[in-house]
1. Please work out whether the chain counts as rounded, prolate or oblate from its C-alpha gyration tensor, where a ≥ b ≥ c are the square roots of the eigenvalues and a/c under 1.5 means rounded, while otherwise a/b larger than b/c means prolate and anything else oblate?
2. Select from 185, 175, 153 the residue whose mean-square fluctuation is largest in a Gaussian network model of the chain (Cα-Cα springs shorter than 10 Å).
3. Once the piece of chain linking residue 24 and residue 40 is laid out straight, how much longer is it, given 0.36 nm per residue of separation minus the C-alpha distance between them?
4. Over 21 Å between C-alpha atoms is what I'm after, so list which of 63/134; 153/201; 185/208; 23/185; 23/124 land there.
5. Please build a GNM for the chain, connecting alpha carbons under 10 Å apart, and tell me which residue among 67, 189, 34 fluctuates the most.
6. Could you let me know the centre-to-centre spacing of segment 29-90 and segment 158-213, using Cα atoms, in angstrom?
7. For segment 85-143, what class follows from the C-alpha gyration tensor (a ≥ b ≥ c being the square roots of its eigenvalues): rounded when a/c is under 1.5, otherwise prolate if a/b is larger than b/c, else oblate?
8. With each label point set 7 Å from Cα along the Cα-Cβ vector, what nm distance links residue 134 and residue 87?
Amino acid sequence: MAEKVKEKKAVFITVEGLEGCGKSSVIKFLEDYAKKEGIKTQVYREPGSTKIGEEIRKILLDKKEMALSAYAELLLYLAARAQLIEERLKEDLSRFDIIICDRFYDSTLVYQGYALGLGGIAEKSVELFSLGIKPDLTLFLDVDVEVGLKRIKRKDRIESRPLSFHKKLRQGFLKLSRREPSRIKVVDASGSLSDIYSQVKEILAKEKISKCI
Ligand code: T5A
């Protein structure tokens, strides 16, 4: 098994949510703000952010790949994450002040574990293949499922799943946030983007991460 990060310096923040919840906008806001303040910041997305991860992403989101089995889907998400951790994250956690990741293992627990029904297998494999890396803070952007889906213009393979699947996602994320309230903070993402940014800033201040952001 791979060794852990030697000297972790960065605050590791992950941003999670339903489809169309505004993750990309929040991450851009955080990144711009941190960079303006001269804070060494790195942003990743999952699946992706490595050459191999981006290739895996193409398969996972391609609407032509509807035959992909639930287990294969789980393994591909885990593979993309393991590649990101080994290739970039482990080292970058000791080089940057802040690392922001657009989705991380909570998505696997919710999408594959809860909504696709892989439960315990997803939990066990997430633990194994996150290679000891755990976010310091996770922002869950909570929005009404139908509102979020309406914001998406062209739906990918996952977004094209039935409404019942997306409703389960929301239940799954809320369940996780109740399980780990000190790490996972729920942001009401139903209002305007500026309202969402204010909530995020408030959370960072409370968590004493605001000195970095
Ligand atoms: N997945 C991922 C798994 O199943 N398992 C896993 O382990 C992992 C890691 C990845 C997909 O893979 C799944 C989850 C996903 O289905 P992704 O990169 O996360 O894909 O893609 P999406 O979730 O689809 O993210 P997007 O970038 O498409 O959407 P965002 O980030 O949620 O939303 P954003 O900010 O781009 O906003 C979408 C649109 O809505 C508007 C924005 O301006 C934009 O046009 N918008 C708002 N408009 C008004 N008011 C607001 N509050 C708004 N917020 C956003």
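The values are calculated or read from the model by the stated rules, or taken from the named source; none is laboratory data. Not measured: the values here are computed from a predicted model. Please note: Cβ atoms are built from the backbone with ideal geometry, for glycine as well, and neighbour counts cover all protein chains shown. Just so you know, the surface numbers come from the protein's heavy atoms only, side chains and all, with ligands and any DNA or RNA stripped out. Shrake-Rupley method; radii C 1.70, N 1.55, O 1.52, S 1.80 Å.
1. Numbers: a/c = 1.59, a/b = 1.15, b/c = 1.38.
Here the chain falls in the oblate category.
2. Evaluated over the chain, the most mobile residue of the options is 153.
3. In short, 3.8 nm is gained.
4. Values: 63/134 31 Å; 153/201 28 Å; 185/208 14 Å; 23/185 14 Å; 23/124 26 Å.
Beyond 21 Å: 63/134; 153/201; 23/124.
5. In the Gaussian network model the winner is 67.
6. Their Cα centres are 19 Å away from one another.
7. On the way: a/c = 3.11, a/b = 1.50, b/c = 2.07.
Verdict is oblate for segment 85-143.
8. The answer from the label model is 2.7 nm.
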